[in-house]
Each structure stands twice: as C-alpha cells, then as structure tokens.
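In what follows, a structure is listed as structure tokens, so that the remarks can point back to it.
Laboratory data are not the source of any read-out in this text; all were calculated from the coordinates shown. Nothing here was measured: the structure is a model prediction, and the numbers come from that model. Here the Cβ is made from the backbone with ideal geometry for all residues, glycine too, and neighbour counts use every protein chain on show.
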C-alpha cells in the first residue's frame, strides 16, 4: 500500500512539475476593444487592391467576434493600416506553343497597428508577403488572374488578422520584426 501511495505522489509531482515552456502570446492591450481597418495605400499599378484588402481584413476580424468593429479609425481604440508595395505576376511555366501555363502571384505589404488611446504604433510588420501559384484559366483547375488576386488578398487578410491577434512570429515578413521604441 505504501508503494502505491509513493508512486502516486511521484506521478503527481511529475505531471505538475513538467510543464512545457512556451512563449506567451502577445495580445492587444485590454483597453483596445474597438478595432478598425484603415484604408491601405496602394503603391502598385493595379487599381482596387486597397479596397479589397481592407474589406477582406475587416471581415476576418468581424468573423472572430472578439472586438467590436467600427468603420472609421477615429471611432476605434486601435486600427490596422499599411501599404501595398508590390503586385508581381510572373509566368513560371510555358506550354509547347510558348504560352504561359503556370503563374506566380506575389503581394508584399507593410503593416502597422496603431493604439489610438495612447497615440502610439504598437507594432509594424514590414514586407509581409503572400505568394500564390496557379495554373492558367485555359487549363483544367486553372483560374483567372482576377480570381487568383482575390484568393491572394483573402490569404493576406487572414495573415493580417493572425498577426494582430497572435503577435509576432505568427506570420512571416521578409525583414526583422520589431516593436518601435517610443
């Protein structure tokens, strides 16, 4: 009987003392309850990217439901903003008649999250990238450039949402992540 009690105590100590070390999730400050997505600046030649990205990002936060979403940054406790830097569409594979059959669509954005209550930029994410490979619309399972663009923008909006909710390291930009020092 004594052995069973000792084994149970040892087992209990092992389970309570062996926690896995995990970095803490970086969450938004508790005073941020209302969010907005400000219009993105569009530095590309493709019109309308900024509107679609803003709408898709707004909808990601709306689906989550943790924050009240408002349409204007003036009414928000914090907001996401940024600029679309690059829209690059490249053929990556050609058919026998030298027609493009596979494409690579690459979008790169800079992101910022502004705490309006304290009037400070909480974080920035430079060169956040979304890459989508797709077959030409003339091939089975292929898609048009517009359809591929919409998929890439929706994927990018999801990354923006994840970056905001889960903190750095949750998405990959092409440069070092840092919180600005004020």
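Remark: 33, 116 ranked as 33, 116, counting other beta-carbon atoms within 10 Å and listing the fewest first.
Cβ crowding within 10 Å, taken as a proxy for footprinting-reagent exposure, orders 138, 81, 164 from fewest neighbours to most as 138, 81, 164.
Residues 132, 35, arranged from fewest to most other Cβ atoms within 10 angstrom of their Cβ, appear as 132, 35.
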